[in-house]
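Quick notes on the structure that follows.
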Amino acid sequence: METRLTHLFALQQVDSQLQEIHELKGDLPRVVAELESTLDGSTMKLKELTTLVTQLKIERDNTDVELISCTEKIEKYKEQQLQVKSNKQYDALSREIDTMETLIEQARKNLETFEGKLQISQQDIGLLNKEIETTTAELTEKQAELAEVNKEHEIEETRLVHERAKIVVRIKKEDFDKYERIKKAKKGTAVVAIKRGSCGGCFNRVPPQKLLELRNNNYIYMCEHCGRIIVSDDVVEKSSILQ
Ligand SMILES: [Zn+2]
């Protein structure tokens, strides 16, 4: 049992050091991830807008062609009207001209709409490009900062991760699960040393009877107040030799 406790305490030591490194990195990993996601979103939006602008330009050009074609047809019908022999033929051409004029009117309205949309889209593209530029600059800066911090702690972190793996294989699954559960609930600290008869986690006193039991290292003693595993000085000493 003492070995089980020793391993748990050793694991806690390693995890606490890993947590310290993690805290040194602070917000940087999250900030970098957020900036990357913002940049992805903006880039996608820019792509969509660029496609829209291309489509609008095609539609605008097609409408221009339609306008010219309708105008030419009206000219042609008007010339034909000068040569027709009957009123019936003349009226038929007048109706064609009316149809063309309605089409021209509609085409002009469409042109206005396209132009309006084009203008807005191009403004949006301008804004988006500026946004992308700012985000990219910020991201580059934060990535460099993070790389610097990572580099600074890389060796230590790798050593600790290996150390952890070595300890974990020696821990019984039920002990490990218990450890992880408490660690998660207690902000990273699952195992604490006894300190002057009190829990090293919440500093509440351990009842004298329990203190004796705890010193025998016969079972996993959990603090009645905070639920953390409390270990004796013996265990603390032995786990330091282990490391
Ligand atoms: Zn406690």
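Quick one: which residue in Ile58, Ile120 is over 30 Å from Glu36 (Cα atoms) and either β-branched (Val, Ile, Thr) or in contact with a Cys (Cβ under 9 Å, 6 or more places away or on another chain) (or both)?
Step by step, each of Ile58, Ile120 is checked, and only Ile58 is over 30 Å from Glu36 (Cα atoms) and either β-branched (Val, Ile, Thr) or in contact with a Cys (Cβ under 9 Å, 6 or more places away or on another chain) (or both).
Only one of these conditions is not met by Leu146: (1) under 27 Å from the mean Cα position of the chain (by Cα); (2) free of Cβ contacts under 8 Å to residues at least 24 places away in the same chain; (3) in a helix (DSSP H, G or I). Which number is it?
Exception for Leu146: condition (2).
Output the number of residues of region 56-88 satisfying the condition of being surrounded by fewer than 16 Cβ atoms within 10 Å (Cβ to Cβ) and touching a residue at least 60 places away in the same chain (Cβ under 8 Å).
Total satisfying the criteria: 1.
Would you point out the residue of region 164-208, among those that are among the aliphatic types (A, V, I, L, M) and in a helix (DSSP H, G or I), that is surrounded by the fewest Cβ atoms within 10 Å (Cβ to Cβ)?
The extreme case among them is Ala165.
Looking at region 213-227, can you tell me whether even one residue there is exposed (fewer than 12 other Cβ atoms within 10 Å of the Cβ), assigned to a loop (DSSP other than H, G, I, E, B) and away from the ligand (no atom under 16 Å from the Cβ)?
Yes - at least one qualifying residue is present in region 213-227.
Evaluate the following for Ile194: is it within 15 Å of the ligand (Cβ to nearest atom) and out of contact with any Lys or Arg (no Cβ under 6 Å at 6 or more places or on another chain)?
Yes: the conditions hold for Ile194.
Please tell me if Lys85 is among the basic types (Lys, Arg) and part of a helix (DSSP H, G or I).
For Lys85, the condition - among the basic types (Lys, Arg) and part of a helix (DSSP H, G or I) - is not met.
Within the bounds of region 156-164, is there any residue that is basic (Lys, Arg), touching a residue at least 24 places away in the same chain (Cβ under 8 Å) and away from the ligand (no atom under 16 Å from the Cβ)?
The answer is yes, given that some residue of region 156-164 is basic (Lys, Arg), touching a residue at least 24 places away in the same chain (Cβ under 8 Å) and away from the ligand (no atom under 16 Å from the Cβ).
Quick check on this structure: which one of Ser16, Ser42, Ser37 is small (Gly, Ala, Ser), part of a helix (DSSP H, G or I) and surrounded by fewer than 12 Cβ atoms within 10 Å (Cβ to Cβ)?
Ser37
Among the listed residues Ile74, Ile104, Ile132, Ile97, identify the single one that is β-branched (Val, Ile, Thr), under 33 Å from the mean Cα position of the chain (by Cα) and in a helix (DSSP H, G or I).
Unique residue meeting the criteria: Ile132.
Could you check, for region 124-137, whether at least one of its residues is within 30 Å of Tyr221 (Cα to Cα) and hydrophobic (A, V, I, L, M, F, W, C)?
For region 124-137, residues within 30 Å of Tyr221 (Cα to Cα) and hydrophobic (A, V, I, L, M, F, W, C): absent.
Within region 89-107, work out how many residues are surrounded by 12 or more Cβ atoms within 10 Å (Cβ to Cβ) and under 20 Å from Asp61 (Cβ atoms).
Total satisfying the criteria: 5.
Taken together, the values in this text are just the output of simple stated rules run on the coordinates, not laboratory data. Source: prediction; values computed, not measured. For neighbour counting, all protein chains shown are included, and Cβ atoms are generated from backbone atoms with ideal geometry for every residue, glycine included.
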